[in-house]
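J.: Please see the structure below; I have some questions.
The values are calculated or read from the model by the stated rules, or taken from the named source; none is laboratory data. In this text the structure is predicted, and so the values were computed from the model without any measurement. Cβ sites come from the backbone with ideal geometry, for glycine too, and all protein chains shown count toward neighbours. Accessible surface is based on the protein model in full, side chains and every heavy atom, while ligands, DNA and RNA are left aside. Shrake-Rupley method; radii C 1.70, N 1.55, O 1.52, S 1.80 Å.
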Amino acid sequence: MLKLTNLRMWVLVAATTGVLASCQKNGQMPALKDADQTATGTKTIKTLAVSLTQGFEVGATSPKTAYDVSPTGSSSGDNVSLSGNSWNMYDALIGNLSADQKAGSWSARIRNTGKITMLFDVTTGISTVTIKSATYGGDSPSTWGLFYSVNGGSSWTQSGSAITTTSTLTVSTFTLTQTGTVRLEIRKLSGGTNRINIDDIIINDNSGGGTGGGTVLTGKKFLFDASHLENAGSADWQIDADGTEQVAIYTGGTTTETKAQRIPTPSYTGITSSTTTETYWKGALSAWAVELVKRGELVESLPVGTAITYGGGGAQDLSNYDVFVVCEPNRLFTAAEKTALMNFVANGGGLFMIADHTAATTAGTDANGYNPSDRDGDGYDSPRVWNDLMTNNGINNNNPFGFSVNYVDISESPSTNVYTGSNADAQEVLNGAAGTASKMAFYDGSTATLFPSNNSSVQGLFWRNSATNGGNANAMALLATYGSGRVVWIGDSSDADDGTGDTGDNLFNGWSGDAPSGYTSHSSFHLNASFWLAKAQ
């Protein structure tokens, strides 16, 4: 998003096109931007191994709130659409009560001898299926079984043995080794009125995977932070916002800003391959989130007033997610939140860190005459928030991710100084399933200095055009591993901006609106980085 923080404006004449561009973030003129809209089409998105995931994350409202409909056993009345596919839920519903055992916000609940049936086939066969199950609340244990059909539901065969539920969600794995078209049915076999919960059904195909063009595993869960004033000032770093709130502004006082809710609306279940990416949800990061959903992933927001936790057992505890995306935070993380973030990454989570421009001090303007991106005026902007995390977390205060953010304000229009080495992680991000990321423009952003002696895995991905390729100075984007987790950092928020959101903010489409064609490849970079962080490609 392009954010006006002062009145300075200037223009840039693009000689090759004769176009006079208009003022952008902080008054800088956008170089004519491209939408590398074909970038995501240069690699075919295929699912490797996983052909279907169903986590029953249905948004704000359950589509099935009663166990059965009248008349009893009515097949049509018990049919529901989940992630665009039709299922039948007989004597079953989708619940989110405190007694429902669930991996996210919702899970299926079955009573008596109810069942959940796919009314469609997977066409690439099934090698294995994993399913989480538990006893509902304080009920007594029950048993359930997995059945499969290779003839459209005309007859069914049980796979493996019956499962007895316990008080906590437990993963059960079934080996089917079936080719061709297959559908599944989960049947409660015993226990009478005692209820069970079913969650996170993952079907692994039996087609032998794909070749070329990149691969993506579906069902990964992404949480976008909205709890650290990412909407302050002329910023709107949210995937969807339906309410409003008063937010501090750097000039003093407050402004009315859009407020993100946990579940974006309308429901993600309405997203199809033809959904208009930028306008389905209202937020500057909505295009990013919609593209993830199109590829089978799940997205939520962490609303303002909700603390970042890890291992605490709450519904939005980071342990429930694969990737945490934080785009330009404007408030410091608390000590407890920094501990949560470090442990989340160390134990396998992915952290997407996005910063913006700044200056040597947040008091006054930088060398370009712009105000630093301290949009709420508390003395901290995103580069300082990230450096505080990496030097004041109480676990490892010596830049444990192998870099620090520089207090600068730079523009590149664009950089083609991209990593060309053989680092496998870097190649996944730069040449992954969403296409090739070869050009990155900054519209006032910060850079990073790498410290491989602190973390040997740190790897620059883009540098300023004037910088040494592969060097430790002036990196515009980078990645690193930490423990069993992963981090990606980029120094400008404008690249993720899709130009939609709060009508009171100064928005610009850096996600797919750069021109002329081929000018940048921002969407490919962000999506590939997302998949890498989630260990999905």
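J.: Take the eigenvalues of the Cα gyration tensor for the chain, scale each by 5, and report the square roots as semi-axes in whole Å, largest first.
T.: Details: eigenvalues 374, 114, 95 Å².
Computed over the chain, the values are 43, 24, 22 Å.
J.: What does the charge count around L341 come to, taking other residues whose C-beta lies under 15 Å from its C-beta (Lys +1, Arg +1, Asp -1, Glu -1)?
T.: Spelling it out: positives minus negatives among the neighbours equals -2.
J.: Separate question: Would you calculate a helix-derived [θ] at 222 nm for the chain, using -39,500 (n - 2.57) for each DSSP H run of n ≥ 4 and dividing by the full residue count, to the nearest 500?
T.: -2500 deg cm²/dmol
J.: Based on the mean of other beta carbon atoms within 10 Å per residue, what is the order of 102-108, 282-288, most packed first? Could the numbers behind the result be given before it?
T.: Working: 102-108: 21.9, 282-288: 27.9.
Highest mean packing first, the order is 282-288, 102-108.
J.: Once both axes come from the Cα atoms, what is the angle between helix 382-391 and the longest principal axis of the chain, in degrees from 0 to 90, rounded to 10?
T.: 70
J.: Around G435, which amide H atoms from residues at least 5 apart in sequence, or from another chain, sit under 5 Å from its own amide H, with H modelled in the peptide plane?
T.: Answer set, sorted by chain and number: K43.
J.: State the percentage of accessible surface on the chain attributable to carbon and sulfur atoms; use a 1.4 Å probe and exclude ligands, DNA and RNA.
T.: Details: 9290 of 18720 Å².
Using a 1.4 Å probe with all protein chains present, the chain comes out at 50 percent carbon and sulfur.
J.: Now, a different point. Go through 454-461, 484-491, 153-160 and give me the packing order, highest mean Cβ count within 10 Å leading.
T.: Answer by packing, highest mean first, reads 484-491, 454-461, 153-160.
J.: If you split all Cα-Cα distances of segment 143-192 into 5 Å bins from zero, what percentages do you get per bin, shortest first?
T.: 5, 18, 28, 23, 14, 9, 3, 0
J.: Please state, to two decimals, what the Cα-based radius of gyration of segment 123-169 comes to when divided by 2.2 N^0.38 Å (N = residues). Provide the component values of the computation, followed by the final result.
T.: Working: Rg = 13.5 Å, N = 47, 2.2 N^0.38 = 9.5 Å.
Here the answer is 1.42, to two decimals.
J.: Something else now. Mind checking the per residue accessible area of the chain for me, 1.4 Å probe, whole number of Å²? List each step's numbers first, then the result.
T.: Numbers: 18720 Å² over 537 residues.
Averaged over the residues of the chain, the accessible area is 35 Å².
J.: Give the angle, between 0 and 90 degrees and rounded to the nearest 10, that separates the Cα long axis of helix 522-533 from the longest principal axis of the Cα atoms of the chain.
T.: That works out to roughly 50 degrees.
J.: If the limit is 19 Å between Cα atoms, which of K259/K535; K64/K259; K102/K132 go over it?
T.: The pairs that break the limit, which is 19 Å between Cα atoms, are K259/K535; K64/K259.
J.: Now a separate question. Could you grab the relative contact order for segment 84-176? Cα pairs under 8 Å, six or more apart, rounded to a whole percent. Walk me through the intermediate numbers first.
T.: Values: 157 pairs, mean separation 26.4, N = 93.
This gives 28 percent for segment 84-176.
J.: For a test of the definition: using alpha carbon positions, the gyration tensor, and the 1.5 limit on a/c, classify segment 90-247 as rounded, prolate or oblate.
T.: On the way: a/c = 2.70, a/b = 1.37, b/c = 1.97.
The shape class here is oblate.
J.: Another question, then. Please list, in chain and number order, the residues 5+ apart from L176 or on another chain whose amide H is under 5 Å from its amide H, with Hs placed from the backbone.
T.: Under 5 Å from the amide H of L176 lie the amide H atoms of T128, V129, each far enough along the sequence or on another chain.
J.: Under a Cβ-Cβ cut-off of 15 Å, what is the net charge of the residues other than L533 that fall near it, where Lys and Arg count +1 and Asp and Glu count -1? Working shown, then result.
T.: Working: positive: K220, K221, R295, R486, K535; negative: D225, E291, E297, D322, D425, E428.
Charge balance near L533 sits at -1.
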